[in-house]
Amino acid sequence: MLQKTVPDALACPACGRITPQRLLFHKHGCAILRCADCGLGRTETAGFDPAAYYSEDYFSGGHADGYADYRGAEPVLRREFARTVEFIRRFRDGGRLIEVGCAYGFFLAEARPHFSVAGIEIAEDAAAFARSRGLDVVTGVIEPATLDRLGRPDVVVMLDVIEHLPDPHETLALIADRLAPGGIVVLTTGDFGSLAARLGGRGWRLMTPPQHLWFFTTESMRRLAGTLGLGVAAIDHPWKLVPVSLIVHQLGRMTGLGGRRAATDSSAAPAASRLGVPVNLFDAMRVVLRKPEAP
């Protein structure tokens, strides 16, 4: 059921104050708003349960806006994650690295030769798989007790995670507080200010409420970092190696031609999952935030 009325002003996590909000459109029964000051987009929804949504189905084609065959695509994903690790090492080489939303642990496996690694993952099946491979992964969400148990990080990684968080300001504030002086936060998320997002509108590939709760712009990311005392060390829009099975899965969702589990039920699915192609629509940004060194 569509929300008939929406607030005309809300507390903006990026601006750190109440700002005017513009209603852009409705999708999947959710109101999509945009902060008039920084451009941060938000989903107004009720009754969404992340713990129930991010299950094994989310990673295996059971959700149209999830992954087609995450485990089957491990070789492609690890090649992409290896590139991400090399990027991170340009800013911080070594130390304690914690990944928030680590899924099956493929990124942590690539980072392990260079960092002391640990992860947090809400999906029990994925977290258990990562632990079966000898990775230190906690099932749950990021919270003070979890970070205390995992140790003070030098690097915190959130790949396509911040847009799912109920309160990104609260989460980043906790991370900034626990982060070692000079430490970095590396995150990826969609760019709501990109040409693809502006032209796509309701049909933009990353406009998938209610699982995507926030739609960041470069300006809103800079403002959010500033409210937390973090500096922006880098923002770019990198190419990404993407499994063909995921591309087919997303195209099916966007065109309405794909069926549930279409990618994984097909006889070509294993090959499609193991084949990756470089993609860049310049609508996804990679951000490095740095905590100042101790005085």
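At-a-glance table
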quantity: Distance histogram in 5 Å bins (all Cα pairs of region 67-180, percent per bin); calculated: 2, 12, 23, 26, 22, 12, 3, 0
quantity: Anisotropy class of region 9-52 from Cα gyration tensor, a/c 1.5 cut; calculated: oblate
quantity: Dipole of the chain [Lys/Arg +1, Asp/Glu -1 at C-beta], most positive-end residue of GLY62, SER273, GLY203; calculated: GLY203
quantity: Amide hydrogen neighbours beyond the local backbone of ALA234, cut-off 5 Å, H modeled; calculated: VAL288
quantity: Amide H within-cut-off set for GLY95, under 5 Å, with H built and near neighbours excluded; calculated: SER116
quantity: DSSP-defined beta bridges in the chain - what % are antiparallel, rounded to 5; calculated: 65
quantity: Region 1-146 - share of DSSP beta bridges that are antiparallel (%, nearest 5); calculated: 65
quantity: Share of Cα-Cα pairs in region 1-87 lying beyond 21 Å, as whole percent; calculated: 55
quantity: Of the DSSP H helices in the chain, those whose Cα atoms cover at least 30 Å axially and whose Kyte score averages -1.0 or more; calculated: none
quantity: Mean separation of Cα contacts under 8 Å (6+ apart) over length of region 183-246, as relative contact order %; calculated: 28
quantity: Solvent-accessible area, 1.4 Å probe, carbon plus sulfur percent, for region 1-155; calculated: 51
quantity: Given charges at beta-carbon only (K, R positive; D, E negative), |dipole| of region 16-151 in Debye; calculated: 600
quantity: Extension gain, SER116 back to PHE282 (0.36 nm per residue minus Cα-Cα distance, nm); calculated: 56.6 nm
quantity: Listed residues SER132, LEU23, ILE235: farthest to the positive end of the dipole of the chain (Cβ charges); calculated: ILE235
quantity: Cα centre as origin, Lys/Arg/Asp/Glu Cβ charges: the chain dipole, Debye; calculated: 600
quantity: Anisotropy class of region 177-241 from Cα gyration tensor, a/c 1.5 cut; calculated: prolate
quantity: Positive-end extreme of charge dipole, the chain - chosen from GLN250, THR218, ALA173 (charges on Cβ); calculated: THR218
quantity: Descending principal axes extents, the chain, alpha-carbon based, whole Å; calculated: 52, 49, 32
quantity: Karplus 3J(HN,Hα) series, Hz, for region 274-288 with 6.51 cos²θ - 1.76 cosθ + 1.60 (x for Gly, Pro); calculated: 8, 9, x, 10, x, 9, 7, 9, 6, 10, 9, 10, 10, 10, 10
quantity: Relative packing of peptides 44-51, 132-139, 180-187 - highest average C-beta neighbours within 10 Å first; calculated: 180-187, 132-139, 44-51
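The values are calculated or read from the model by the stated rules, or taken from the named source; none is laboratory data. Fair warning: this is a prediction, and the values are worked out from it, not measured in the lab. Cβ coordinates were reconstructed from backbone atoms using ideal geometry, including for glycine residues, and neighbour counts include every protein chain displayed. Side chains included, ligands, DNA and RNA excluded: accessible areas come from the protein's heavy atoms. Shrake-Rupley method; radii C 1.70, N 1.55, O 1.52, S 1.80 Å.
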